[in-house]
Amino acid sequence: MRDGWREVTLGEVTTRRRDFTAVQADVLYRIVGVQRSGWGLVDRAPVRGDSMKFGKLLELHSDDLVYRTITAFEAPSAVVSSEFDGAFVTPQTFPTYSIDRSRLLPEYMAILTTSPEFHEAMSVRCVGSVLRRKTLSQNAFESIPLRLPSLDEQRRIVDLMAALGDAEEAVEAEATEAASLLGAMLDASGGEATADVGSLASVVSGASWGRADVRSNAGEGVTPVLTIANTKPDGSIRGEPTLIQGLSAKVARLTENSLIAIRTNGNHDRIGNIYRVPERHIGATVSAFQFVVEPVESANSAHLYWMMRAPSFQAAMTAAASGSTGLGNIAAGTLRNMHVPWPEDSEIRAAQVATFDRLENVALSARAAGEALRTLRHNLLTVLLSGEHEIPSSYDTLLKGDAA
């Protein structure tokens, strides 16, 4: 640790707040809780004083440090933002501290609460034989060690992390905007001309198997199967397929033009979710919880994918699913009879596909940039919090520029 850094305990730079508020029967209180590490505070339902089991509450102030004593293995701690100023917590479950600003910036403490080191420090101090019931005492919380640089360097770290956070938010907003525009254009692409899915493609369920058929390695007679676990809610296909021995030769195999649709799911919004097949999974099949949608004409695959991905069509498939609770299901015949917009002119269809692809690429590129910024922020924060490296004092000219 470099010169100018010091190691202190949390209790040395914070003071436990005990200015409790007596609960009044006819007052409606905004009660909040602390979520797991890095998730911050969350509103609960407002509660009238006469329905509470507690005789006293603690009113939160901006820049307080608050943590949750129960299930503390999740590292539930946060610095109070202005959004929650004036909200209340129960002092027994959510001990709250004011921060000594002469030694520790609240904004810097907010960064520390999201770090893996702070998470680990909270977790190892929990006591209890059952994980979900482990608790963290106030004395144990206050014993957590902190490595603190000077206030000037704390400001530099806070500013740099905020700048990276702003950049991440900007690209995430770009990705969201592109995805929203894509959805709106898909829904607006309809016209009078439509076609039923069954006239454009075959729709067949995937394979079923028993536990004894699962294999750990590829071999003769072993088929890779994409399951629900591979088809992600974000529209991607990730992870390795399940290897199954002895599937019938009649089971539909995926081609470069195949589409995969979810047939059965506990989340009805996911029923009908549609996927294109990555090149490395050509020749695989899918589970009985999914359909293989195979276009009659390969040239129609891309347009059919986009028409089935339209938010309005997705909503229609959810509505058509059977079962009000538990697993929902859409029948193959139901899907075949559903109609999608289908311009008769193939050039119009091709132009639409090109537009949709470009918009998706914008969204995907923005998401990739956001992920890269998250990784950069995490790695940079780990380095800066170690005390082994510093942001040069020349960075202060940027801080003065921001202040101006």
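The values are calculated or read from the model by the stated rules, or taken from the named source; none is laboratory data. Note that the coordinates shown come from a computational prediction; the quantities given were computed from them, not determined experimentally. Cβ atoms come from the backbone with ideal geometry, glycine included; neighbour counts cover every protein chain shown. Surface accessibility is based on the protein's heavy atoms, side chains included, excluding ligands, DNA and RNA. Shrake-Rupley method; radii C 1.70, N 1.55, O 1.52, S 1.80 Å.
In the assembled protein chains, Asp3 presents an accessible area of approximately 150 Å² (probe radius 1.4 Å).
Placing +1 on each Lys and Arg Cβ and -1 on each Asp and Glu Cβ, with no other charges, gives the range 332-393 a dipole about its Cα centre of roughly 200 debye. From most to least packed by mean Cβ count within 10 Å, the peptides 41-48, 290-297, 126-133 give 290-297, 41-48, 126-133.
Counting only protein heavy atoms and using a 1.4 Å probe, the accessible area of Val214 comes to about 60 Å². Placing +1 on the Cβ of every Lys and Arg and -1 on the Cβ of every Asp and Glu, with no other charges, gives the range 39-141 a dipole of roughly 560 debye about its Cα centre. In sequence order, what are the phi-derived ³J(HN,Hα) couplings for the range 24-38 according to the Karplus relation 6.51 cos²θ - 1.76 cosθ + 1.60 with θ = phi - 60°, rounded to whole Hz, with x for glycine and proline? After applying 6.51 cos²θ - 1.76 cosθ + 1.60, I find 10, 4, 9, 9, 9, 10, 8, 9, 10, x, 10, 8, 4, 3, x Hz. When the alpha carbon gyration tensor of the range 1-138 is reduced to an equivalent ellipsoid, the three semi-axes, largest first, read 27, 18, 13 Å. Magnitude of the charge dipole for the chain, about its Cα centre and with charges confined to Cβ atoms of Lys, Arg (+1) and Asp, Glu (-1), is about 1720 debye.
Each other residue within a Cβ distance under 11 Å of Val286 adds +1 if Lys or Arg and -1 if Asp or Glu, for a net charge of +2. The alpha carbons of the range 333-404 stretch over 66, 32, 19 Å along the principal axes, in descending order.
Enumerate the aspartates and glutamates that Lys232 could reach by cross-link, defined here as Cα to Cα under 14 Å, with residues fewer than 8 away along the same chain left out. Candidates past the 8-residue exclusion: Glu240, Asp269.
Reported to the nearest whole Å, the Cα centre-to-centre distance from the range 138-201 to the range 360-379 is 9. Estimated from helical segments only, the mean residue ellipticity of the chain at 222 nm is -11000 deg cm²/dmol, where each DSSP H run of four or more residues counts as -39500 (n - 2.57). All C-alpha pair distances within the range 231-329, sorted into 10 Å bins from zero, spread as 15, 46, 33, 6 percent across the bins. Size descriptors for the chain (Cα atoms only): Rg and Dmax, in that order, 27.7, 74 Å.
Mean-square fluctuations from a GNM of the chain, with a 10 angstrom spring cutoff on Cα atoms, peak among Glu168, Glu256, Glu347 at Glu347. As an exercise, find the ratio Rg/Rh for the range 8-68 from alpha-carbon atoms, using the Kirkwood inverse-distance average for Rh. Here the Rg-to-Rh quotient is 1.02. Considering only Ala261, Leu247, Val197, and ranking their Cα positions along the charge dipole of the range 151-300 that arises from unit charges at the beta-carbon of Lys, Arg, Asp and Glu, the one farthest toward the positive end is Leu247.
Considering only Trp39, Val340, Ala369, the residue lying farthest towards the positive end of the dipole of the chain is Trp39, judged by Cα position with unit charges set on Cβ. Percent of Cα pairs in the range 158-248 per distance bin of 5 Å, from zero to the largest separation: 2, 10, 10, 11, 12, 12, 10, 9, 12, 7, 4, 1, 0.
Overall form of the range 1-40: oblate. Here a/c, set by the Cα gyration tensor axes a ≥ b ≥ c, is 1.5 or more, and a/b is not larger than b/c.
Averaging the Cα positions of each part gives two centres, and for the range 24-77 and the range 220-270 these lie 44 Å apart.
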